[in-house]
Amino acid sequence: MSAPDRRQVRLLFRRLITAEGARVLISRAELESVLGESSAGAVIDRLLAAAGTDKTKMLTATIWLTDMRDFADMNSMWDKWVPKGCAPARACVESRLAVTTIKVEIRIIAAI
């Protein structure tokens, strides 16, 4: 197994890791950004493109919300963003996040 390729390095985490034919990426966003015109979907699209893949190749997605009352709005945004027939296995949970200004965190694993 080759060593993982770690890109977009931050002090405590990597936004993009490639290993053995799959990419893992993480996007954090204000909930208003997710639900508004400047959606987290656009951020994720850019990260997927930088990884050499796209949302049609998503395998799994994990979504952390700080408040499950936003679940229906998140699903609405998600359904508009994910191409028909390309929905990954997905989990959505409520969790306190380490950065209190962050309302949503999304981790996606996509094939390359």
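Observations
- Being modelled with pLDDT of 90 or more and more than 13 Å from the chain's Cα centre (by Cα) is a description that applies to ARG69.
- Matching residues in the range 45-90 - criterion: being within 14 Å of ILE109 (Cα to Cα), in contact with a Phe, Trp or Tyr (Cβ under 9 Å, 6 or more places away or on another chain) and either part of a strand (DSSP E or B) or among the aromatic types (Phe, Trp, Tyr) (or both): ALA61, ILE63, ARG90
- Selection from the range 47-63 of residues that are under 11 Å from the mean Cα position of the chain (by Cα) and farther than 18 Å from ALA87 by Cβ: LEU47
The values are calculated or read from the model by the stated rules, or taken from the named source; none is laboratory data. The model shown is predicted, which means the values in this text are computed figures rather than measured ones. Neighbour counts run over all protein chains shown; Cβ positions are idealised from the backbone, glycine included.
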